[in-house]
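I have placed the structure first, in the form of structure tokens, so that the comments after it can refer back to it.
The values are calculated or read from the model by the stated rules, or taken from the named source; none is laboratory data. Predicted, not measured: the structure shown is a model, and the values here were computed from it. So basically every Cβ, Gly included, is an ideal-geometry build from the backbone, and we count neighbours across all protein chains shown.
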């Protein structure tokens, strides 16, 4: 059974991961767990109070097929857990899907894992703010998510294509996924 862990940060952008979590769990039978740095509850930008299933220390790549990180205000407010980059590297090193949207895509850039693959995000300048980032030439400036070599990145304005690319990357893009996702893409036609 496919399993996804969503690494939450204080004031995470709840809408950036909600569609993926709902479709994966409710319609595709995916195990979806949430984690925070120390296992304590967090509140999203929208005021959603989440009690996580795990702490980052409890998250092991061998137990999951993907690590998904939504963006949010933690980056602007300096509240990003110090353990998050190591968690990202543990999944990437084990060839497990790693996905970041919005500020989390820039965080992935800051870990260095985007330096040699095609990727996107809110804007190139956000990635360039991280000293470990050197993937400027592979940055794709566009409105849709990018999946390359097991890494999915997206701007915060692309939660629909972010969800699609994660599902495709996990081999879950099937008739059920398409049927459930189609209404959410209607406004983009």
Completion exercise
Of the residues in segment 175-189 that are closer than 24 Å to residue 67 by Cβ and either out of contact with any helix residue (DSSP H, G or I) (no Cβ under 7 Å at 6 or more places or on another chain) or modelled with pLDDT of 95 or more (or both), the one that is surrounded by the most Cβ atoms within 10 Å (Cβ to Cβ) is 177
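Residues are listed down the side, and each one gets a yes or a no for (1) in contact with a helix residue (DSSP H, G or I) (Cβ under 9 Å, 6 or more places away or on another chain); (2) in contact (Cβ under 8 Å) with a residue 40 or more places away in the chain:
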| site | (1), (2) |
| --- | --- |
| 5 | yes, yes |
| 9 | yes, yes |
| 24 | yes, yes |
| 37 | yes, yes |
| 40 | no, no |
| 46 | yes, no |
| 54 | no, yes |
| 58 | no, no |
| 61 | yes, no |
Problem - Residues within segment 122-168 that are at positive phi and under 14 Å from the mean Cα position of the chain (by Cα), tallied - result: 1
Handout entry: Failed condition for residue 8, given (1) at pLDDT 95 or above; (2) surrounded by fewer than 18 Cβ atoms within 10 Å (Cβ to Cβ)
Key = (2)
Problem - Where residue 122 falls short, out of the listed (1) in contact with a strand residue (DSSP E or B) (Cβ under 6 Å, 6 or more places away or on another chain); (2) within 21 Å of residue 185 (Cα to Cα) - result: (1)
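Pick from segment 136-174 the residues that are assigned to a strand (DSSP E or B) and either touching a strand residue (DSSP E or B) at 6+ places or on another chain (Cβ under 7 Å) or touching a residue at least 24 places away in the same chain (Cβ under 8 Å) (or both): which of them is surrounded by the fewest Cβ atoms within 10 Å (Cβ to Cβ)?
Here the answer is 148.
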